[in-house]
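Trainee: Below is a structure I'd like to ask you about.
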Amino acid sequence: GGEMVRSFANPGTMSAYWYGAYTRSCGGRRLTTQRYFPWFCLFQGFNASWYFNLHGHAGMAHEVGFAGDLRPLPHFEETSKACREIKTGLDMLLLNSALHTDGVCLYYSPASVHENTFSNRPAAHATELLAWCELLQDLGVQYRFVSADQVSAGELSNPGCKLLILPMVTAVTD
């Protein structure tokens, strides 16, 4: 999610979260949910939000943002209102502010992802990583991800890294 993108994206990279009026995963057409997602994107550090799907055919009527006569449907109007409100200046204020972290770093290891896949437990790494993210969020701890390259370059000596968590890390470099 957002923490990984925020941790690894280069400055100025366009980043976003896809959402829409999907029946289950995005809360469907509930107005409160559709108003929430642009804010969710902003607070995750994304500088855009991408809505799927604005138009389509009758079989996907529950997912579209516009009616056949091109009127915005109520759920899409709510998401549009939220975007307009965000763009009054709150977006730049938040996106240009410095993020305070609590010195907790999660080690992200693509090599461990692959090793877990080869060891016939492909979901184990993702499950463990998500569990750590959720635990830290529940505790109110702002964390960030670090890579093997960052650790090799001395990131652990940085005062901004007080604790390194190795979630399901099974492969490390020298």
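Trainee: Among the candidates C41, C133, which residue alone is modelled with pLDDT of 85 or more and more than 30 Å from A153 (Cα to Cα)?
Mentor: C41
Residue-by-condition table, conditions (1) of a type in the set (S, T, Y); (2) more than 19 Å from S147 (Cβ to Cβ); (3) in contact (Cβ under 8 Å) with a residue 12 or more places away in the chain:
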position	(1), (2), (3)
T79	yes, yes, yes
R84	no, yes, no
T88	yes, yes, no
A98	no, yes, no
L106	no, no, yes
H114	no, no, yes
F118	no, yes, no
A123	no, yes, no
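Trainee: Take Y143 and tell me if it is crowded, with 16+ Cβ neighbours inside 10 Å, under 22 Å from L42 (Cα atoms), of a type in the set (S, T, Y) and in contact (Cβ under 8 Å) with a residue 40 or more places away in the chain.
Mentor: yes
Trainee: For the condition over 16 Å from D91 (Cβ atoms), modelled with pLDDT under 75 and not β-branched (V, I, T), what is the one hit in G27, G20?
Mentor: G27
Trainee: Continuing with the same structure: Please go through (1) modelled with pLDDT of 90 or more; (2) in a helix (DSSP H, G or I); (3) open to solvent by less than 60 Å² (accessible area, probe 1.4 Å) for C161 and return the number of the only condition it doesn't satisfy.
Mentor: That leaves (2) as the condition not met.
Trainee: With respect to G154, determine if the residue is modelled with pLDDT of 90 or more and loosely packed, with under 14 Cβ neighbours inside 10 Å.
Mentor: Considered against the rule, which asks whether it is modelled with pLDDT of 90 or more and loosely packed, with under 14 Cβ neighbours inside 10 Å, G154 comes out as yes.
Trainee: Now a separate question. So in the range 59-95, with the set limited to residues that are among the hydroxyl-bearing types (S, T, Y) and crowded, with 16+ Cβ neighbours inside 10 Å, which one is modelled with the highest pLDDT?
Mentor: Restricting to residues being among the hydroxyl-bearing types (S, T, Y) and crowded, with 16+ Cβ neighbours inside 10 Å, the top hit is S80.
Trainee: For the range 115-122, indicate whether the set of residues that are modelled with pLDDT of 90 or more and either surrounded by 13 or more Cβ atoms within 10 Å (Cβ to Cβ) or outside any helix (DSSP H, G or I) (or both) is non-empty.
Mentor: Taking every residue of the range 115-122 in turn, none turns out to be modelled with pLDDT of 90 or more and either surrounded by 13 or more Cβ atoms within 10 Å (Cβ to Cβ) or outside any helix (DSSP H, G or I) (or both).
Trainee: While we're here: Scan the range 102-113 and tell me whether some residue there is under 25 Å from F43 (Cβ atoms), of a type in the set (S, T, Y) and open to solvent by 70 Å² or more (accessible area, probe 1.4 Å).
Mentor: no
The values are calculated or read from the model by the stated rules, or taken from the named source; none is laboratory data. Treat the numbers as computed from the prediction; the structure is a model and nothing was measured. Neighbour counts are summed over all protein chains in view; Cβ atoms, including those assigned to glycine, are modelled from backbone coordinates with ideal geometry. We work out accessible area using only protein heavy atoms, side chains counted, and drop any ligands, DNA or RNA first. Shrake-Rupley method; radii C 1.70, N 1.55, O 1.52, S 1.80 Å.
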